[in-house]
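The values are calculated or read from the model by the stated rules, or taken from the named source; none is laboratory data. Please read these numbers as outputs of a predicted model, since none were measured by experiment. Cβ placement follows ideal geometry from the backbone for every residue including glycine, while neighbour counts extend to all protein chains displayed. Please note that ligands, DNA and RNA were not included when accessible areas were found on the heavy atoms of the full protein model with its side chains. Shrake-Rupley method; radii C 1.70, N 1.55, O 1.52, S 1.80 Å.
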Amino acid sequence: MKVLVVGATGYIGRAVCEALASHGHRVLAMVRDSTPSRAHAGADVVRGDITDVASLVSAALNADAVVYAVQYHGEDGFAVESAALTALSDALARNKKRMLYTSGVWTYGSTFPNVANEETPPHPIAIVAKRPELENILLNSVANGLHAIVIRPGDVYGRGGGIPAMWVQSAHENGAARIIGDGTNHWPMIHIDDLASLYVLALEKAAAGSAYIAADETQLTVNAMAEAASRGAGKNGAVVHWPLEEARKAMGLFADALVLNQLVTSAKARRELQWSTRSSTAVDDLQAGSYVRA
């Protein structure tokens with residue numbers, strides 16, 4: 001299958017490019033004109049941008065499927081992404097093609113002590129308030145012929161990147177990993193390579209209109225992971241707690257995402273797609289894995 005990856009130079013997009021190529025798919029990696037070509041070596045580079053709908057649609061129509069793995073963070077982010085996804089959905093639906101959209105578990109808000117699944121109604125926090133509407137642009141196009149699939153990743157880790165890298169950086173710079181709140185909240189975690197493997201399985205096997213949560217079921221607390229990051233950085237597990245109100249002044253709405261207390265399950269992806277995740281955890285990686293090597 002020829003697959004266009006929108007957001008190919010990003011943290012998730014690059015891993016997806018590699019996973020697709022390793023499974024024999026031809027990858028078209030979309031990059032902005034101003035972006036150096038850092039996509040996976042097995043990909044063909046395609047110039048384009050979600051703010052240029054014509055370039056986006058042109059590239060998509062040259063592929064069998066599209067993976068949308070980018071988020072636009074400008075003030076007009078919803079308008080930009082809505083226009084891009086509407087144009088893609090309309091064009092791909094007319095040609096009965098596949099499209100996979102990257103959403104996320106923050107759309108569920110805090111779920112603890114309940115465990116969210118794909119049927120749980122959305123209760124998004126402010127920073128992702130419009131994401132369910134973006135999901136629905138694709139899912140509502142299934143009736144018109146679009147083979148739409150939605151992936152909702154947990155908090156992504158691995159390869160020394162993602163949000164957990166912030167704990168490592170603060171440990172190195174300040175002698176302790178800094179977290180927001182008391183750290184007793186749970187994050188649903190997923191390794192970047194396990195997530196990429198789900199994209200491949202979903203593109204190859206998932207039914208039109210499917211949505212999948214991607215998480216490893218570990219139910220780790222932020223304290224446990226931050227302490228591991230501190231140990232990996234040689235700081236003996238030292239952690240400092242940043243009051244939420246202070247963090248909001250510095251980080252805005254992003255701070256509220258970091259205090260979410262979430263439990264989710266990926267049973268649907270495991271059952272329907274025979275997806276599996278590694279036995280090691282984010283604690284292992286932070287304490288003695290890619291974050292230490294980075």
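May I ask you to list pairs of residues, at least six apart or on different chains, whose Cβ atoms are under 8 Å apart, with the first in segment 238-251 being under 12 Å from Gly181 (Cβ atoms) and the second being open to solvent by 50 Å² or more (accessible area, probe 1.4 Å) and part of a loop (DSSP other than H, G, I, E, B)?
His241/Asp182
Provide a single number: the residues in segment 205-230 that are assigned to a loop (DSSP other than H, G, I, E, B) and open to solvent by less than 10 Å² (accessible area, probe 1.4 Å).
Residues meeting the conditions: 2.
Given the conditions (1) in contact (Cβ under 8 Å) with a residue 60 or more places away in the chain; (2) over 30 Å from Gln219 (Cβ atoms); (3) crowded, with 20+ Cβ neighbours inside 10 Å; (4) out of contact with any helix residue (DSSP H, G or I) (no Cβ under 7 Å at 6 or more places or on another chain), and given that Tyr108 satisfies all but one, which numbered condition is not satisfied?
The failed condition is (2).
What number of residues within segment 142-152 are open to solvent by 10 Å² or more (accessible area, probe 1.4 Å) and either touching a residue at least 60 places away in the same chain (Cβ under 8 Å) or in a loop (DSSP other than H, G, I, E, B) (or both)?
Residues of segment 142-152 that are open to solvent by 10 Å² or more (accessible area, probe 1.4 Å), as a first pass: 142-145, 147, 152.
Subset that is either touching a residue at least 60 places away in the same chain (Cβ under 8 Å) or in a loop (DSSP other than H, G, I, E, B) (or both): 142, 145, 147, 152.
Total meeting the criteria: 4.
Would a scan of segment 165-187 turn up a residue that is open to solvent by less than 30 Å² (accessible area, probe 1.4 Å), of a type in the set (Ser, Thr, Tyr) and under 20 Å from Arg131 (Cβ atoms)?
Looking through segment 165-187, none of the residues is open to solvent by less than 30 Å² (accessible area, probe 1.4 Å), of a type in the set (Ser, Thr, Tyr) and under 20 Å from Arg131 (Cβ atoms).
Restrict the check to segment 75-94 and report whether at least one residue is farther than 21 Å from Asp194 by Cα, touching a Gly at 6+ places or on another chain (Cβ under 9 Å) and either without any contact (Cβ under 8 Å) to a residue 24 or more places away in the chain or open to solvent by 40 Å² or more (accessible area, probe 1.4 Å) (or both).
Applying the first criterion (farther than 21 Å from Asp194 by Cα) to segment 75-94 yields 75-94.
Restricting the remaining residues to those that are touching a Gly at 6+ places or on another chain (Cβ under 9 Å) gives 80, 92-94.
The next check asks that each one be either without any contact (Cβ under 8 Å) to a residue 24 or more places away in the chain or open to solvent by 40 Å² or more (accessible area, probe 1.4 Å) (or both); those that pass are 94.
Yes: segment 75-94 contains one or more residues that are farther than 21 Å from Asp194 by Cα, touching a Gly at 6+ places or on another chain (Cβ under 9 Å) and either without any contact (Cβ under 8 Å) to a residue 24 or more places away in the chain or open to solvent by 40 Å² or more (accessible area, probe 1.4 Å) (or both).
What single numbered condition from (1) in contact with a strand residue (DSSP E or B) (Cβ under 9 Å, 6 or more places away or on another chain); (2) surrounded by fewer than 18 Cβ atoms within 10 Å (Cβ to Cβ); (3) in a helix (DSSP H, G or I) fails to hold for Arg270?
Exception for Arg270: condition (1).
Condition check: out of contact with any His (no Cβ under 8 Å at 6 or more places or on another chain), crowded, with 22+ Cβ neighbours inside 10 Å and assigned to a loop (DSSP other than H, G, I, E, B). Does Ala63 satisfy that?
yes
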